[in-house]
Amino acid sequence: QVQLVESGGGLVQAGGSLRLSCAASGRTSSSYDMGWFRQAPGKEREFVAAIRRSGGSTYYADSVKGRFTISRDNAKNAVYLQMNSLKPEDTAVYYCAASVRGTSYYRDFYDYWGQGTQVTVSS
């Protein structure tokens, strides 16, 4: 098993940047493919980005492509989401997730979840 804890959320103005971190404990994060999802009030949890356990391949939702970057440091058991050019529609709770089966756009493919961190983008 792995435990995931997100941090780095907060309030930022439109056009600003934030860097989210996901710290993994327990089984090392290099055993998992990792993803970031988000959930806005009244909406379903949606895929944001994913990265393979080797860090060699990354995947993004069209809505964040070119603005967000996912990365990982397996030596530190950490995954990051650099968010630039933030928009009010990026406001959501952001969740880190781990998958033993591979990367996916589908939340049901992920086995472990963090508690989430709030990101609020003001206009």
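The values are calculated or read from the model by the stated rules, or taken from the named source; none is laboratory data. If you're wondering where the values come from, they're calculated on a predicted model, not measured in any experiment. Methodologically, a virtual Cβ is constructed for each residue, glycine included, from the backbone with ideal geometry; neighbour enumeration extends over all protein chains shown. Areas reflect the complete protein model, heavy atoms only, side chains present, ligands, DNA and RNA absent. Shrake-Rupley method; radii C 1.70, N 1.55, O 1.52, S 1.80 Å.
Other residues with beta-carbon under 14 Å from the beta-carbon of Met83 carry, at +1 per Lys or Arg and -1 per Asp or Glu, a net charge of +2. Summarising the amide proton neighbourhood of Arg27: residues at separation of 5 or more, or on other chains, whose placed amide H is nearer than 5 Å comprise Val2, Gln3.
Spherically averaged projected area of the convex hull of Cα atoms, the chain: 6.6 nm². Computed on protein heavy atoms with a 1.4 Å probe, the accessible areas place Lys87, Lys65 in the order Lys65, Lys87, largest first. Does segment 52-123 come out rounded, prolate or oblate by the C-alpha gyration tensor, with a ≥ b ≥ c the root eigenvalues, rounded set by a/c under 1.5 and, if not, prolate when a/b is larger than b/c and oblate if not? Because a/c hits 1.5 or more and a/b exceeds b/c, segment 52-123 counts as prolate.
Annotation: amide H of Lys87 within the under-5 Å range of Gly15, sequence separation 5 or more or interchain, hydrogens built in the peptide plane. With a ≥ b ≥ c the root eigenvalues of the C-alpha gyration tensor of segment 1-73, is it rounded (a/c under 1.5), prolate (a/b larger than b/c) or oblate? Judged from the Cα gyration tensor, segment 1-73 comes out prolate (a/c at least 1.5, a/b above b/c).
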